[in-house]
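Notes follow the structure.
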Amino acid sequence: MAQFGTLPPKKIQTGLATSTDINTAKSSPSKVNLGTRLEGTAYGSMEEVLSGYRTKDGFARANRYEVMLHVPNGFRGTGEANLQNISPAIMNQAKGDGTVRKTGLRCESISFPGRNLDTSPDTNIYGPTREIVSGFSFAEISATFVCSSDMNEKLFFETWQRLAFDPQSWALGYYDDYVGAVDIHQLDQSNRKRYGVQLIEAFPKTIAEQSLSYASNDTIHKINVTFSYRYWKNLTDEADLPKALQVNRTEVLLDNVQRTNLANVPSSLK
């Protein structure tokens, strides 16, 4: 005859520390392990890190760069019929006589722009909060240009600014009249372009003051310009973005037509 006894209590895994765990931690702290990932050797040695730069390319150097200014003509928004503002004519003359190129070559310092992902906290979860991307933004950048004896670089940026307003009537110009583009390229030791960004819809927002002093005997005049722009893209793998709306529509239409044609092909011929 079977004998029935009291079953031993079943151990329930709750994920919480039991009294046994607590006593173990007090008596032998080294026996408590909540998980470790320290097994194995280092991912790479210092020699491996440095060997990657002992090539003909080496490091990217901050003094190897090129700046290209793509200035507007001043007529894109207003139209060529509006000749009240003489600044567009001066700007187009600067494009033809090499002033634009010379100004870009005299850029003494500039920075690659940054990009920020705007976030907001997601509090609708248990535990630590997390940040959810709610948008993105771009900060203005500043550049310093060396001035020639005729201050032609300063005159150039002043003319670019005047595309945004008429100094005769004080009327503001159209947005497309004064926005252009700025290309910033990273060069290697052989003057090859290895990386680059383009500031889209850029214009010189601020021309900084220039100090004069009798004590500055050997000081070269420089002008600091702050560029505002809508966004930037790198010219390595984003050069064709964003695509025009018509291009996107055409690609979608061709894709749909191709899928429809393939669906009508008998399976034996596929």
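Computed quantities for the displayed model
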{"quantity": "Matching residues in segment 118-149 - criterion: being of a type in the set (G, A, S) and either within 25 Å of W232 (Cα to Cα) or surrounded by 13 or more Cβ atoms within 10 Å (Cβ to Cβ) (or both)", "calculated": "S120, S134, G135, S137, A139, S142, A143, S148"}
{"quantity": "Given (1) part of a loop (DSSP other than H, G, I, E, B); (2) in contact with a Cys (Cβ under 9 Å, 6 or more places away or on another chain), number of the condition A143 does not satisfy", "calculated": "(1)"}
{"quantity": "Segment 87-116 residues that are free of Cβ contacts under 8 Å to residues at least 24 places away in the same chain and at positive phi, paired with ones that are surrounded by 14 or more Cβ atoms within 10 Å (Cβ to Cβ) and among the charged types (D, E, K, R) (beta carbon under 8 Å, 6 or more apart)", "calculated": "none"}
{"quantity": "Residue satisfying all of: in segment 164-182; buried (at least 18 other Cβ atoms within 10 Å of the Cβ) and outside any loop (DSSP other than H, G, I, E, B); nearest to the chain's Cα centre (by Cα) among these", "calculated": "V182"}
{"quantity": "Output for segment 108-140, where each listed residue is out of contact with any Ser or Thr (no Cβ under 7 Å at 6 or more places or on another chain) and in a strand (DSSP E or B)", "calculated": "R115, L117, R130, G135, F136, S137, F138"}
{"quantity": "Filter result (over 30 Å from W160 (Cβ atoms) and more than 14 Å from the chain's Cα centre (by Cα)) within segment 98-126", "calculated": "T119, S120, P121, D122, T123, N124, I125, Y126"}
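Just so you know, all these numbers are worked out from the coordinates, no wet-lab data involved. The shown structure was predicted, so the numbers you read here are calculated from the model rather than taken from an experiment. Heads up, the Cβs are rebuilt from the backbone with ideal geometry, glycines too, and the neighbour counts pull from every protein chain shown.
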